[in-house]
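See below for the structure under consideration.
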Amino acid sequence: MATSIASMTDSMASMVDSKRTIQEPQASAPLFPELAEKTGAFPRSPLDAGRILFATLPTRRLRLSQPLEAILEKHEDSVIARLDEIEEFGIGENVTAAIEDLGRTVVELYLTLQAIRDEELSSDLVRVKENLAARLILQSW
Amino acid sequence: MKVHEFSRLETKLELRVRNSGDRLAWFEFEGRVITRTKRSHGNKDLPANLIRQQLKVNEAQFNGLISCTVSKEDYVEILRDRGLIPAIQKSTAP
């Protein structure tokens, strides 16, 4: 197991398509169209600006079965988008960058966990793996 | 949390990454992957409270990890206490 992570191929990295554009947000019109176009993310309402839904991931291999709700917060001169359920976050200079970072992190987390047998994971990581498996759908080619 | 503080954590806990571009680092013990945390990219400071949550330690333990008063062996014991690493089986043989 000591080499299990280190020996994984770079195929995971190649799955990420940074140029992919975002498709159809799954709710009503976004409040910030430019942001939604770039990230597929948008606040649900003016009263909920500290939370944001994002519906797409930066890879063609995976899609979300439903949007994920991230909490936004300022951290010094950066923005953090975090998913409390799986204790994961993205960070960037602005909301767009933070959401993109979070999306890439979620993809890396999912693919890495999928490559490891449950017996070789702590109970906490098994929980995270199951949580992600319920929300992410591996696309067939 | 400063970048050099995170680097110290990475070194002390021997966190593993697949390659330098990865966003996550993983703590392994006896062939099992126990915790993971987000890595620092560039010179941006990371949110200490979120890194701490991912590593499953409290504030005092986290500060100890950074300041060198908590060792890797101590960290293993912390994770054992939290049930993330199986407890050491006491021998019942005579």
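Read-outs throughout are calculated quantities, based only on the coordinates presented, and are distinct from any laboratory measurement. If you're wondering where the values come from, they're calculated on a predicted model, not measured in any experiment. Here the Cβ positions follow ideal geometry from the backbone for every residue, glycine too, while neighbour counts run over all protein chains shown.
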Distance in nm between pseudo-label sites at residue A:137 and residue A:74 (7 Å out along the Cβ direction from Cα): 3.9 nm
Average beta carbon contacts from partner chains per residue of A:118-131, 10 Å cutoff: 3
Cut-off 14 Å between beta-carbons: net charge of the residues surrounding residue B:76, Lys and Arg +1, Asp and Glu -1: -1
Between 0 and 90°, nearest 10: helix B:72-81 axis offset from chain B longest Cα axis: 60 degrees
Relative contact order (%) - criterion: Cα under 8 Å, at least six apart; region: chain B: 23 percent
Rg and Dmax [Cα atoms of chain B; Å; Rg one decimal, Dmax integer]: 14.4, 57
0 to 90° range, to nearest 10: angle between helix B:3-12 axis and chain B longest Cα axis: 30 degrees
Gain in span if fully extended, residue B:59 to residue B:41, counting 0.36 nm per residue against the direct Cα distance: 4.2 nm
HN-Hα J in Hz across region A:54-69 - Karplus 6.51, -1.76, 1.60, θ = phi - 60°, x for Gly and Pro: 10, 10, 10, 10, x, 7, 7, 6, 10, 9, 8, 6, 8, x, 9, 9
³J(HN,Hα), Karplus 6.51/-1.76/1.60, whole Hz, each residue of region A:103-117, x for Gly, Pro: x, 5, 5, 4, 4, 4, 4, 4, 5, 5, 5, 4, 7, 10, 5
Ranking of B:33, A:126, A:106, A:95 by count of other Cβ atoms within 10 Å, fewest first: A:126, B:33, A:95, A:106
